[in-house]
1. Quickly estimate the mean residue ellipticity at 222 nm for the chain, helices only: each DSSP H run with n ≥ 4 gives -39500 (n - 2.57), and the total goes over all residues, rounded to 500.
2. Please work out the FRET efficiency for the pair THR181 and ALA101, using the Cβ-Cβ distance as r and a Förster radius of 25 Å; give the result to the nearest 0.05.
3. Take the alpha-carbon centre of the range 128-143, take the same for the range 168-211, and report the distance between them in whole Å.
4. Around VAL282, which amide H atoms from residues at least 5 apart in sequence, or from another chain, sit under 5 Å from its own amide H, with H modelled in the peptide plane?
5. Starting at the first residue of the range 27-40, write each ³J(HN,Hα) from the Karplus equation 6.51 cos²θ - 1.76 cosθ + 1.60 with θ = phi - 60°, in whole Hz, x for Gly and Pro.
6. Give the order of TRP190, TRP290 when sorted by the count of other beta carbons within 10 angstrom, beginning with the fewest.
7. Please compute the contact order of the chain in relative form: average sequence separation of alpha-carbon pairs under 8 Å and at least six residues apart, divided by the residue count, as a percent.
8. Whole number please: convex hull volume per residue, Cα atoms of the range 3-329, in Å³.
Amino acid sequence: MNPVLAELHDKARAVLDPVHYDFFAGGVGDEVVLAENEAAFRRRALLPRVLRGIEVRQDFPVLISPTAFHKLAHPDGELATARAAGTTTLVSSMASTVPIAEVVAAASGPVWFQLYVQPDPAVTEALVRRAERAGCAALVVTADSPVFGRHRRDLAHGFHDLPAGLAAENMRDLTGPGLRTIEMSPAVSWGHLDRLREMTALPLWVKGILHPADAVLAVEHGVAGIVVSNHGGRQLDLVPAALDALPAVADAVAGRVPVVLDGGVRGGGDIAVALALGASAVGIGRPVLWGLAADGEQGVRRVLDVLHDEFLHVLTLCGGELSRDVVVARC
Ligand SMILES: Cc1cc2nc3c(=O)[nH]c(=O)nc-3n(C[C@H](O)[C@H](O)[C@H](O)COP(=O)(O)O)c2cc1C
Ligand SMILES: O=C(O)C(=O)c1ccccc1
């Protein structure tokens, strides 16, 4: 792994309360998928093209994936993440410990709002209005969580609640005074997505697609984009690595909407592999949390800078362009 990312992860592990480290680091069940997300990249090799005479000039195809409770990592929480994002799109978790309006105000680039559709439609609508008023540029509905994942590390620690003074601030005073808890609901369906599309002019993304048939349904329901994701191995521990699910989803979508991949991206080479297999960009989850815990805004900035620098380097070594044929199995 890149030594800067390794150093930030080590420092995060050292400074965080072990309960909070395990909340961030952990996955569901036996954590098979957690490990597979990273291992899947190591099972691929890049087959570069040469002598193409291309000087790479390319946008940084990275988003910050939504992760909950940044104040557990650093006192500045999501404000530090937003400041560090620069021009990188920040997908801000509905479960942020800073209200979305303050996250957007701290950011200089686009902020998208990640939403778990709530069983009470009035609460969902209030959250959408909150995101709109804040100035969010898109809504990302997470579809892979009909129930909370069973995270054994959290259960072993008895970690259920945020410490005193921290809260999921977007849930404050939504339809009455006080704090609401975030609920997951197996009743959430494509119908809810349709209602969201009618409710708001914001581009609507869906996150947590693995099956190509669901990708087709998402396109038919008018989404602006799809995030191929297994929630960083935190929901169902029997699914494929996110990278292994990507090609079939990309084929099914056939360029009609952008496809973003998240899960296990830990270096510039991983970004290149995901792009070659059909992603238009990748999302970064835990490495951002390690940067934040290790060194606040500066740590997150270092994570993004290292990934950007490595990606451009790899892309140049690959001849400047990525297509499916430049990725082969590493047997
Ligand atoms: C600590 C933690 C909290 C997360 N919280 C959310 C969340 O609130 N909403 C969401 O859609 N995904 C959430 N995710 C999933 C991430 O958006 C993303 O899919 C995943 O972390 C990507 O994998 P990576 O960590 O290997 O980069 C969370 C992940 C972690 C590790
Ligand atoms: O931990 C998670 O993966 C997650 O998505 C979440 C959702 C709501 C509250 C806290 C975490």
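1. -13000 deg cm²/dmol
2. It comes out at approximately 0.75.
3. Spelled out, the Cα-based centre of one part sits 9 Å from the other.
4. Distant-sequence amide H within range of VAL282: VAL62, LEU63, LEU261.
5. For the range 27-40, the Karplus-derived couplings read x, 8, x, 7, 6, 5, 5, 3, 6, 5, 4, 7, 4, 4 Hz, x marking Gly and Pro.
6. The most exposed by this proxy come first: TRP190, TRP290.
7. Rounded, it is 27 percent for the chain.
8. Values: hull volume 41.0 nm³, N = 327.
That works out to 125 Å³ per residue.
Bear in mind that the values in this text are calculations on the coordinates, not laboratory data. None of these values were measured; they are calculated from a predicted model. FYI the Cβ positions are ideal-geometry reconstructions off the backbone, even for glycines, and counts take in every protein chain you see.
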